[in-house]
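Q: The structure follows.
The values are calculated or read from the model by the stated rules, or taken from the named source; none is laboratory data. Here the structure is a predicted model, which means the values were calculated and not measured. Methodologically, a virtual Cβ is constructed for each residue, glycine included, from the backbone with ideal geometry; neighbour enumeration extends over all protein chains shown.
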């Protein structure tokens, strides 16, 4: 799906390609629609962005303990 989108196919063209080659949806075993293709590509792009986005944060912590001793 992503490959076809990258080489210039529209969502409608991809759904027609899948339906012509009798490729059904995974869960419902039905024909692909333009919306199924668009949502699949959109979710996959977001997933790739999450996994490829390096986000390093430098966190430093400091622990200080104060004791108060009272002698009677």
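Q: When you check residue 69 against the structure, is it more than 22 Å from the chain's Cα centre (by Cα) and at pLDDT 90 or above, yes or no?
A: no
Q: Continuing with this model, one more query. Please determine whether any residue of segment 10-20 is under 21 Å from the mean Cα position of the chain (by Cα) and either touching a residue at least 60 places away in the same chain (Cβ under 8 Å) or part of a loop (DSSP other than H, G, I, E, B) (or both).
A: Yes, that holds for at least one residue.
Q: Would you confirm whether any residue within segment 40-52 is assigned to a loop (DSSP other than H, G, I, E, B) and free of Cβ contacts under 8 Å to residues at least 40 places away in the same chain?
A: Narrowing segment 40-52 to residues assigned to a loop (DSSP other than H, G, I, E, B): none.
No: segment 40-52 contains no residue that is assigned to a loop (DSSP other than H, G, I, E, B) and free of Cβ contacts under 8 Å to residues at least 40 places away in the same chain.
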